[in-house]
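Participant: Structure below; questions to follow.
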Amino acid sequence: MPDSLSVHSPADAPTTPARNFWQRRVRDPIVAQLTQGITPEKIALTVAIGSGVALFPILGTTTLLCFLVALALRLNQPIIQLINQALWPVQIPMIFVCVKLGEHILGADHVPISLSEMQQLFWHHPAEFFQKFGATAGHAIVGWAVAAPFYMGAVYFITLPIMRTVTRLRAEASAKAAMLHPEHPIP
């Protein structure tokens, strides 16, 4: 029988090592999170949504919120968390803006906020803290929920052309480098 018509048995096929639990359940999901969402559109979306969620007006919640949103929308985790951490100094002043906006939207009376009083109540009388400032937190969330979509849309449409330009310039630089030094292409 000629070689071109020979039948190969499964034993002739090269075998790949079986993937272990660690690779399937830990490494692969982490690698997928680090490398997903690297198109210009996804990066712009990650920047927009990440910066909007990073300004959510409840302290201590944004890291988890950014993680969950990025997971659900398949956005790049490192980028969204970097943006989240970069915006924490802006979050505190934005809380006051969100409270004022929420109070205005809901027609609520303004509750004067003293950071020292809030801290004192939170650590020594948590029930009183939540009773006194629970509505204020609700106002802040309403203000954020109304403003965030507009903010995220604006950031997306500002960031998208920048990301497309960066991607184009990077591709041009890679092509030029490959032509000059074909044995050492730039990824």
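Participant: Residues that are under 30 Å from F96 (Cα atoms) and modelled with pLDDT of 90 or more: does segment 159-179 have at least one?
Facilitator: Applying the first criterion (under 30 Å from F96 (Cα atoms)) to segment 159-179 yields 159-160.
Applying the additional criterion that residues be modelled with pLDDT of 90 or more yields 159-160.
Yes - at least one qualifying residue is present in segment 159-179.
Participant: Give segment 123-138 a look and list any residue that's in contact with a helix residue (DSSP H, G or I) (Cβ under 8 Å, 6 or more places away or on another chain) and surrounded by 13 or more Cβ atoms within 10 Å (Cβ to Cβ), or say none. It would help to see each step written out before you state the result.
Facilitator: First pass over segment 123-138, keeping only residues in contact with a helix residue (DSSP H, G or I) (Cβ under 8 Å, 6 or more places away or on another chain): 128-129, 132-133, 136, 138.
Across segment 123-138, the qualifying residues are F129, K132, F133, T136, G138.
Participant: OK, next. List every residue pair whose Cβ atoms sit under 6 Å apart, with the two residues 6 or more apart in sequence or on different chains, where the first one lies in segment 158-178 and is surrounded by 11 or more Cβ atoms within 10 Å (Cβ to Cβ) and the second, anywhere, is among the aliphatic types (A, V, I, L, M).
Facilitator: T159/A44; T159/V47; L160/A44; M163/I43; M163/A44; S174/I186; A177/I186
Participant: Could you say whether any residue in segment 150-168 is part of a helix (DSSP H, G or I), closer than 21 Å to T61 by Cβ, touching a Lys or Arg at 6+ places or on another chain (Cβ under 9 Å) and not acidic (D, E)?
Facilitator: The answer is no; no qualifying residue exists.
Participant: Another one. Name the single residue, out of those in segment 58-67 being polar (S, T, N, Q) and in a helix (DSSP H, G or I), that is nearest to Q119 (Cα to Cα).
Facilitator: Our first condition is that a residue be polar (S, T, N, Q); within segment 58-67, this holds for 61-63.
From what is left, the residues that are in a helix (DSSP H, G or I) are 62-63.
Details: T62: 19, T63: 21 Å.
Looking at residues that are polar (S, T, N, Q) and in a helix (DSSP H, G or I), I get T62.
Table: residues versus (1) over 10 Å from the mean Cα position of the chain (by Cα); (2) surrounded by fewer than 16 Cβ atoms within 10 Å (Cβ to Cβ); (3) in a loop (DSSP other than H, G, I, E, B).
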{"residue": "R19", "(1), (2), (3)": "yes, yes, yes"}
{"residue": "P29", "(1), (2), (3)": "yes, yes, no"}
{"residue": "K42", "(1), (2), (3)": "yes, no, no"}
{"residue": "L45", "(1), (2), (3)": "no, no, no"}
{"residue": "S51", "(1), (2), (3)": "no, no, no"}
{"residue": "F56", "(1), (2), (3)": "yes, no, yes"}
{"residue": "V69", "(1), (2), (3)": "no, no, no"}
{"residue": "P78", "(1), (2), (3)": "no, yes, no"}
{"residue": "I83", "(1), (2), (3)": "no, no, no"}
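Participant: I'm checking my understanding of the structure. Among residues of segment 105-119 that are surrounded by 14 or more Cβ atoms within 10 Å (Cβ to Cβ) and in contact (Cβ under 8 Å) with a residue 24 or more places away in the chain, which one is farthest from the chain's Cα centre (by Cα)?
Facilitator: Only one residue tops the list, namely A108.
Yes or no, residue by residue, for (1) touching a Pro at 6+ places or on another chain (Cβ under 6 Å); (2) among the small types (G, A, S):
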{"site": "A72", "(1), (2)": "no, yes"}
{"site": "L121", "(1), (2)": "no, no"}
{"site": "F133", "(1), (2)": "no, no"}
{"site": "A140", "(1), (2)": "yes, yes"}
{"site": "I162", "(1), (2)": "no, no"}
{"site": "A173", "(1), (2)": "no, yes"}
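Participant: Scan segment 120-137 and give yes if some residue there is under 17 Å from T62 (Cα atoms) and under 25 Å from the mean Cα position of the chain (by Cα), otherwise no.
Facilitator: Within segment 120-137 (the criterion being under 17 Å from T62 (Cα atoms) and under 25 Å from the mean Cα position of the chain (by Cα)), the answer is yes, since at least one residue qualifies.
The values are calculated or read from the model by the stated rules, or taken from the named source; none is laboratory data. Values in this document were obtained by computation on a predicted structure and should not be read as measured data. All Cβ positions, even for glycine, are placed from backbone atoms using ideal geometry, and neighbour counts span all protein chains on display.
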